[in-house]
Amino acid sequence: MAELNMAEAINLALRQEMEKDDSVYVLGEDVGVDGGVFRVTDGLLKQFGEDRVMDTPLAEAAIVGMSVGMAMAGLKPVCELQFSGFSYFAFHQLEGQAARMRWRSRSSYHVPMVCRIPYGGGVRALEHHSESRETYYAHTPGLKVVIPSGPRNARALLLSAIRDPDPVIFLEPKAMYRAFREEVPDEEETQPIGESQVARKGDDLTMITYGAMTQHTLEAADKLSDEDGIEAEVIDLLSVSPLDDKKFTESVRKTGRVVVVHEAHRSFGPGAEIISRINEKSFYYLEAPVQRVTGYDVIIPYFAREKAYIPDVDRIVAGARQAMND
Amino acid sequence: MPRKKVRLEHAVEYLSILDKQGKPDKDLDPKIDKDTLLRMHRTMLLSRRFDEYQLRWQKQGRIGTFAPAKGQEASQIGSIAAVEDDDWMVPSFRETSVALWRGTPMTGLLLYNAGYNEGGQIPEGQNDLPISIPVASQMNEAVGIAYAMKMQKKDRLVMSYFGDGATSEGDFHEALNFAQAFKTPNVFICQNNQWAISVPREQQTPSKTLAQKALAYGMPGIQVDGNDPLAVYAATREAAERARKGDGPTLIECITYRLSVHTTADDPGKYRDEEEEEHWQEWDPIPRFQHYLNNHKVLRKKDIEALEKEIDEEVKSAWDEAEEQMKSLDDPLVMFDHLFEERPAYLEEQRQAMKQYREDRNG
Ligand SMILES: Cc1ncc(C[n+]2csc(CCOP(=O)(O)OP(=O)(O)O)c2C)c(N)n1
Ligand SMILES: [Mg+2]
């Protein structure tokens, strides 16, 4: 048992799985000698050598395309795209090959690969380094999209992702890499893909979120408890696709009031799908319109103003109060 | 059915004019006029000092992450000085010297680096594109602009800048191929600074040179000493003439070195040794150029001292001005601007909601 931050926890998952399974490979830009620009792959090159920890040339399409080929031919690549803003250079490989290979070949082939991608804002970064565009991937049939919210579930989710027989987009909220430490057990722990977690129990209001917003939402829930006496249930999705609607349906039917929180743009964001499911499955349980607290439909501003874009505790509390008062 | 050699038209040349001490090869010296030489030197020095100040300001949290140009001033200034002011310039993210040459105020660069979108605005009359971070992608826009110039019979070429790492991206190859296929007036300046973050040049590609990548597209490619402003200037001049005559694009590989961090978020100690940096320090383009200017009586030692003082003042007052401007830039509602010519209703609604929310909170 060790207190790890999320970067270290992901590193632990990679290391343990590479020790256990020599078909697991790591590749990407600066992942070897440099240990990754966020140091997530630190030490792996030294331990596993350059055949298995590959510092690639600067070409995202080749990183993903090569991973697809490796995966089809018996390896388990975990590739890293340095920032989600550059993952579009590989989008045709993800959409056109990774996501379709099983389908196109009628399961003659399958693609057990993981694509790790740091995403999201809040770290005072440059343009293209702060977006939350998980919808692109969640909207692509054939891809699974998972997003941890902290060290322990990051480690568990990554193990499940590596062992999954199909391509998994593993989005890492970069604001969480070093945000806090948490006990992460030495013995292996997995988190099934497609299952969410109740991060806080409550009977008055359901708050549905994931990724870096989970911390903000938990804080907002505490504030609501302190200031309004409202006990919110917080659901941490962990998987955006497949979306686990069972847990939040249960919660929504109990509370009748809902706020959905994400950093992604509002229109066509994951919230739109979540709320549709609520309409489909829990409409008659609702006491008030479901609220959304999200990023806006604009390109996230450069860092001097990014705070006004990213949902913060106060905005989440305001959204929750709206859901309670309507 | 024979098996025979296919003769390729081009070979790759290497051009260097100044020696380590700044002594020129007389036959190759492009004999740049005195005013231009002085302006080149001044801009190189300004870029260097500006980088140094910005590194300090970054550490103090006054600005955010940025990519210093340190060491690459000759590649940048030698190339941009060889073309006309109304030619186009398409940068990547490390072209501080080029931006300063083109007239971009330091205040604009500071606003950008301090996280204000206002820093992206292109000063009136400058045919420059804004900073482009997705590696190599801007090269295709450069080809499109060049094609537009050609179609509109405008005598303007397009300079575009990128690094050694960029040559691995598909966009690099696609741009080169298109440029040659449509014979566009492009000059592609590859600043081979030996590193793409932690990946050394020889690991980036097994090709012996980067210039030779042009040959595959039937395009001339030349390698130059990128720490020699005269060599870069001479090669760019030739490429520019070719472009203006309608003979199409050229790839110029400038052999240079990133004397500083990749960006301020980077720690080169992880991947390269000091000996290498020390070796390249000896080839620092600025003292080399100064020796040349000194030997040619264009610039004396005391001129440099006076210039250093002047530049120091200039950089400091640019910060003061930028800081002053930042005071009036705290309104986040501007994030709804510049997305479309007209703001659609759904965005206006979101903008109003943000406005209302802020007013309610601030009383
Ligand atoms: C498409 C893309 N992938 C990754 C990155 C992250 N990144 C920024 S600069 C850089 C290295 C670029 O190397 P090079 O082309 O040699 O330019 P240099 O930084 O040396 O000037 C990388 C990988 C990016 N900006 N764009
Ligand atoms: Mg480079």
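So the values come out like this:
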item	result
Options B:G163, B:G170: the member that is farther than 18 Å from B:I77 by Cα and open to solvent by 10 Å² or more (accessible area, probe 1.4 Å)	B:G170
Long-range neighbours under 8 Å by Cβ, at least six apart or interchain, first residue more than 18 Å from A:A175 (Cα to Cα) and within 16 Å of ligand 2 (Cβ to nearest atom) within segment A:24-43, second open to solvent by less than 40 Å² (accessible area, probe 1.4 Å) and of a type in the set (F, W, Y)	A:V33/B:Y271; A:D34/B:Y271
Residue in segment B:39-51 that is open to solvent by 20 Å² or more (accessible area, probe 1.4 Å), within 14 Å of chain A (Cβ to nearest Cβ) and outside any strand (DSSP E or B) present	no
Residue in segment A:185-195 that is surrounded by 24 or more Cβ atoms within 10 Å (Cβ to Cβ) and in a loop (DSSP other than H, G, I, E, B) present	no
Strands (runs of 3 or more DSSP E) contained entirely in segment A:201-312, each with at least 3 residues that are out of contact with any Asp or Glu (no Cβ under 6 Å at 6 or more places or on another chain)	A:205-209, A:232-236, A:258-262, A:291-294
Hits in segment B:52-63 (condition: open to solvent by 40 Å² or more (accessible area, probe 1.4 Å) and in a helix (DSSP H, G or I))	B:E52, B:L55, B:R56, B:Q58, B:K59
Selected residue (only one of A:A318, A:A272, A:A304, A:A308 is within 14 Å of another protein chain (Cβ to nearest Cβ), of a type in the set (G, A, S) and over 21 Å from A:R133 (Cα atoms))	A:A318
Among residues of segment B:198-236, those that are within 14 Å of ligand 1 (Cβ to nearest atom) and under 21 Å from B:V98 (Cβ atoms), counted	2
Subset of segment B:107-159 (residues that are part of a helix (DSSP H, G or I) and of a type in the set (V, I, T))	B:T107, B:V143, B:I145
Top-ranked residue of segment A:74-106 - restricted to ones that are of a type in the set (A, V, I, L, M, F, W, C) and more than 21 Å from A:D55 (Cβ to Cβ), ranked as farthest from the other protein chains (Cβ to nearest Cβ)	A:W103
Residue under evaluation A:M70, criteria (1) within 22 Å of the chain's Cα centre (by Cα); (2) part of a helix (DSSP H, G or I); (3) of a type outside the set (S, T, N, Q), criterion not met	(1)
Every residue from segment B:200-213 that is touching a residue at least 60 places away in the same chain (Cβ under 8 Å) and open to solvent by less than 10 Å² (accessible area, probe 1.4 Å)	B:A211
Residue within segment B:235-253 that is among the β-branched types (V, I, T) and either at positive phi or surrounded by fewer than 24 Cβ atoms within 10 Å (Cβ to Cβ) (or both) present	no
In segment B:186-222, the residues that are away from ligand 2 (no atom under 16 Å from the Cβ) and either closer than 15 Å to B:E253 by Cβ or in contact with a Lys or Arg (Cβ under 9 Å, 6 or more places away or on another chain) (or both)	B:N186, B:V187, B:K208, B:Q212, B:A214, B:L215, B:A216, B:Y217, B:M219, B:P220, B:G221, B:I222
Hits in segment B:13-26 (condition: within 15 Å of B:A235 (Cβ to Cβ), in a loop (DSSP other than H, G, I, E, B) and open to solvent by 50 Å² or more (accessible area, probe 1.4 Å))	B:D25
Single condition B:F66 does not satisfy, out of (1) assigned to a helix (DSSP H, G or I); (2) within 16 Å of ligand 2 (Cβ to nearest atom); (3) within 14 Å of chain A (Cβ to nearest Cβ)	(1)
One residue from A:K20, A:K76 being open to solvent by 20 Å² or more (accessible area, probe 1.4 Å), over 28 Å from B:Q194 (Cβ atoms) and within 23 Å of the chain's Cα centre (by Cα)	A:K76
When residues of segment A:282-301 are limited to those that are open to solvent by 40 Å² or more (accessible area, probe 1.4 Å) and under 21 Å from the mean Cα position of the chain (by Cα), the one nearest to the other protein chains (Cβ to nearest Cβ)	A:I299
From the options A:G43, A:G35, A:G85, residue that is in contact with a Gly (Cβ under 8 Å, 6 or more places away or on another chain), open to solvent by less than 20 Å² (accessible area, probe 1.4 Å) and assigned by TED's automatic domain parsing to the domain that holds A:L143	A:G35
Every residue from segment A:102-123 that is surrounded by fewer than 22 Cβ atoms within 10 Å (Cβ to Cβ) and either over 20 Å from the mean Cα position of the chain (by Cα) or not in a loop (DSSP other than H, G, I, E, B) (or both)	A:R102, A:W103, A:R104, A:S105, A:R106, A:S107, A:S108, A:Y109, A:H110
Which numbered condition B:K183 fails, given (1) away from chain A (no Cβ under 14 Å); (2) within 16 Å of ligand 2 (Cβ to nearest atom); (3) surrounded by fewer than 24 Cβ atoms within 10 Å (Cβ to Cβ)	(2)
Some residue of segment A:38-60 being within 11 Å of ligand 1 (Cβ to nearest atom), out of contact with any Pro (no Cβ under 7 Å at 6 or more places or on another chain), part of a helix (DSSP H, G or I) and within 14 Å of chain B (Cβ to nearest Cβ)	yes
First in segment A:190-207 and free of Cβ contacts under 8 Å to residues at least 24 places away in the same chain, second anywhere and in a strand (DSSP E or B), Cβ under 9 Å, 6 or more apart	none
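Here is a yes/no grid of residues against (1) within 18 Å of A:A13 (Cα to Cα); (2) at pLDDT below 95; (3) in the same structural domain as A:A73 (by TED's automatic domain parsing):
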residue	(1), (2), (3)
A:V168	yes, no, yes
A:P173	yes, no, yes
A:M176	yes, no, yes
A:F180	yes, no, yes
A:Q191	yes, no, no
A:G229	no, no, no
A:V234	no, no, no
A:V261	no, no, no
A:S276	no, no, no
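For (1) surrounded by fewer than 21 Cβ atoms within 10 Å (Cβ to Cβ); (2) away from every other protein chain (no Cβ under 14 Å), each residue gets a yes or a no:
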{"residue": "B:L100", "(1), (2)": "no, yes"}
{"residue": "B:P105", "(1), (2)": "yes, yes"}
{"residue": "B:Y116", "(1), (2)": "no, no"}
{"residue": "B:G120", "(1), (2)": "yes, no"}
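The values are calculated or read from the model by the stated rules, or taken from the named source; none is laboratory data. Remember, it's a predicted structure, so these values are computed and weren't measured experimentally. When we count neighbours, we look across all protein chains shown, and the Cβ atoms used for this are built from the backbone with ideal geometry, even at glycine. In case anyone asks, the SASA skips ligands and DNA or RNA and just uses the protein heavy atoms, side chains included. Shrake-Rupley method; radii C 1.70, N 1.55, O 1.52, S 1.80 Å.
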